[in-house]
Amino acid sequence: MQDYQVSARKYRPPRFEELVGQDHITTTLRNAIAKGQLAQAYLFCGPRGVGKTSCARILAKTINCSFRDSHQEACGECPSCQSFDQGRSLAIHELDAASNNSVDDIRSLVEQVRYPPQGSDYKVYIIDEVHMLSTAAFNALLKTLEEPPTYAKFILATTEKHKILPTILSRCQVFDFKRIRLQDIAERLALVCRSEEIVYENDALLTIASRSDGALRDALTMLDQLAGFSGGNLTNSLVCDQLGVLDKALFVECTKTMFAGDPTHTLQALDSMVARGYDSILWVIGMASHFRNILMAKTPGTTELIDSGQEYRQQLIIQSQETSTDMLLAGLHLLNQVELQYRQSRQPRLLVETAVMKICYLAQRGQKNINLEPIQAPKPPAESETHPLQGITTRLPVADFRTPAQVKIQAKVPSESNPNNFQELRVQELRVQESSERALKDFSDQKSIPETQGGGSHQKEHSPKPISSNAQNTGTATTVDFLKTLRGHLGKTQGNIKTIPKESSHQWSPPPTTSCQNLQKLWQHLVQECRDHNLGGLEGILSRNMPLEENRDRPSESNSKASNEPLFLSVILYSDTEKSLFDGEKQGILDFLVEFGGFGTRPQWAIQQQENNTQREKFLTEPERFNRLNAENEDFKDLSTRLKLFLN
């Protein structure tokens, strides 16, 4: 009974080749020993139970061995190796920094370094859990660690590398130990079971390895515990029950039933699991991991990323062919949401069960969508049922209608001989410019032509003008000619010929009698009428360009010579849109002024268009003008204050 040792100590690797899962480190150390290029300090860092201390002991034993083999492994028979195995070597010192972390302990160690080893080549100091040293202890070790005697070697081991001072790290060769693979741990456990004559199942060893989280020492400890409970017979069901791990077969069955749209089996399995004392979150985490493994199994290149046994991997490959990627991603999203909300929920079981029913609902919807027959697209109407010119507006665009695009107009129009025989009419590409806001509004407000009735009469008074495919005219003239042609053909098919109205400007109403022969009053009348008819753009132009000339009556005979001098009306425009808008109205405005102004000669426009980068003067409203005067004119401000003037 007194000679019993736990498996973690009994099967501690004595040689580099027996160190599990750290080939990148053992190869480097062997080459350094073979070339005689040993550093004065090493730092082994990594998670627990991955072989840091074991590797440090193997390195200390190997460099002091008198008869190393060709693979740079210790012989185990020389006096140095035997004294190390028996624990009485004076050349290798181990220090637990967790309990010897003061500066006095490090000073004592530094004093021992002065004495050379007896009967060995090197004096090795192994300091485990070195991150537990105090800052003063680290500083006391710095000088010795940087320039020790040639026979002194330091091997530091830690699980928390970030706590080591940078000055220590810079003086050591750092080796990062990685977590041990699941299959490597299972193989090591199988070796121990064969040595201890324990009957086992491969799935049972894989379950132990998965629970160890990459730490071989933890796996060996669990193996000792389970072997004592089972009496030397390890089954997968027993291991799952004892370690609180859910069997992978449960996840396989739950996936089949949920993706079939049936939540019954999964809900019953959850109830049974809770009755046995399991937490529901274990099922959530395990199912999410199972969905991830199925996604990995869909592609041959990612199958190796599944850390499991061969039997379970084959089940994943089969299941990946039966499930869709979108359902797996949806299930993963739901399970991740449950995991985040589980700890804050007052009814965690209800949260998990709701997620199960959501996954089943999504699976049912996916099956319904698959079983639906493809929807046939509606057949296009026959050419005889619909007139090709249906929907074309009867309203012609204004003279300066613009759009930034280049369009190709292509339509089918009836021939003169047979109205039902449509010939393709082609017009060369038209470059149409940008339109003004008013032109776009007027153009879009018009009603489109009603649908063509079959069998309508055709009149020949207005025969369409032939349009040449190589016409040179572009712009507005070509557009109007083309629309006239279409309008003529359309009138023939409808038996209804209408003349195309000529685009005209706004019809201005006569001014009051008191405003006649007064330029400013006539101009104000135009502004007011624009405001009444919602012509905002034109109102802004006229208001901003109010004429500054004094009111003048009808010229008499005495000043007839002066009346013959032309009157120039200055207008400043700031954009192409304003220019297009004003060009369409300037003729009507001029006719209005001539009719009611009583001028001796016809006024002329002096239009000036400023560049886009020129800062334009803002048109101010009456409250804005009042506030501006109040802010800039001190006399006006004083007067308004005394008279208590205000303007809302």
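Things to note:
- Given R0 = 22 Å, the distance between the Cβ atoms of Ala98 and Arg15 translates into a calculated FRET efficiency of 0.20.
- Computed over protein heavy atoms with a 1.4 Å probe, the accessible surface of region 57-137 works out to 52 Å² per residue.
- 5 angstrom amide H check on Leu573, placed H, neighbours 5+ away: Gln608, Gln609, Gln610
- Spatial separation of Cα centroids for region 150-164 and region 114-130, in angstrom: 13
- Exposure check, 1.4 Å probe, all protein chains in place: His333 carries approximately 110 Å² of accessible surface.
- Relative contact order [Cα under 8 Å, 6+ residues apart], region 207-263, whole percent: 27
- For region 270-377, relative contact order (Cα pairs under 8 Å, six or more residues apart, normalised by length) works out to 27 percent.
- For Leu95, residues with placed amide H under 5 Å, excluding near neighbours: Ile126, Ile127, Asp128
- With θ taken as phi - 60° and the Karplus curve 6.51 cos²θ - 1.76 cosθ + 1.60 applied, the whole-hertz 3J(HN,Hα) list for region 164-176 is 7, 5, x, 5, 6, 4, 6, 9, 10, 8, 9, 10, 9 Hz, x standing for glycine and proline.
- Accessible surface of region 54-105 [probe 1.4 Å, protein heavy atoms]: carbon and sulfur percent: 45
- Protection proxy ranking of 266-278, 229-241 - average other beta-carbon atoms within 10 Å, highest first: 229-241, 266-278
- Each label point was placed 7 Å from the Cα along the Cα-to-Cβ direction; for Asp638 and Asp85 their separation is 11.6 nm.
- Rounded to whole numbers, the Karplus 3J(HN,Hα) couplings from phi for region 344-360 are 8, 7, 7, 10, x, 5, 4, 4, 5, 5, 5, 5, 4, 5, 5, 5, 5 Hz, using 6.51 cos²θ - 1.76 cosθ + 1.60 with θ = phi - 60°, and x at Gly and Pro.
- Carbon and sulfur %, accessible surface of region 162-291 computed with the full protein complex present, 1.4 Å: 50
- With all protein chains in place and ligands, DNA and RNA left out, the 1.4 Å accessible area ranks Thr26, Thr264 as Thr264, Thr26, largest first.
- With all protein chains kept in place, the per residue accessible area of region 228-274 amounts to 43 square angstrom at a probe of 1.4 angstrom.
- Region 214-327: C-alpha gyration tensor shape, a/c 1.5 cut-off, then a/b vs b/c: oblate
- Sorted largest first, extent of region 131-204 alpha carbons per principal axis (Å): 54, 28, 19
- Each residue of region 333-339 is assigned a 3J(HN,Hα), and the resulting list reads 4, 5, 5, 5, 5, 5, 5 Hz, derived from the Karplus form 6.51 cos²θ - 1.76 cosθ + 1.60 (θ = phi - 60°), x at Gly and Pro.
- In the context of the full protein assembly, Trp605 retains an accessible surface of approximately 50 Å², using a probe radius of 1.4 Å and ignoring ligands and nucleic acids.
- Accessible-area value, Phe568, 1.4 Å probe, nucleic acids and ligands omitted, Å²: 120
The values are calculated or read from the model by the stated rules, or taken from the named source; none is laboratory data. All values derive from a computational prediction rather than experimental measurement. All Cβ positions, even for glycine, are placed from backbone atoms using ideal geometry, and neighbour counts span all protein chains on display. These accessible areas exclude ligands, DNA and RNA; they are computed on the full protein's heavy atoms, side chains included. Shrake-Rupley method; radii C 1.70, N 1.55, O 1.52, S 1.80 Å.
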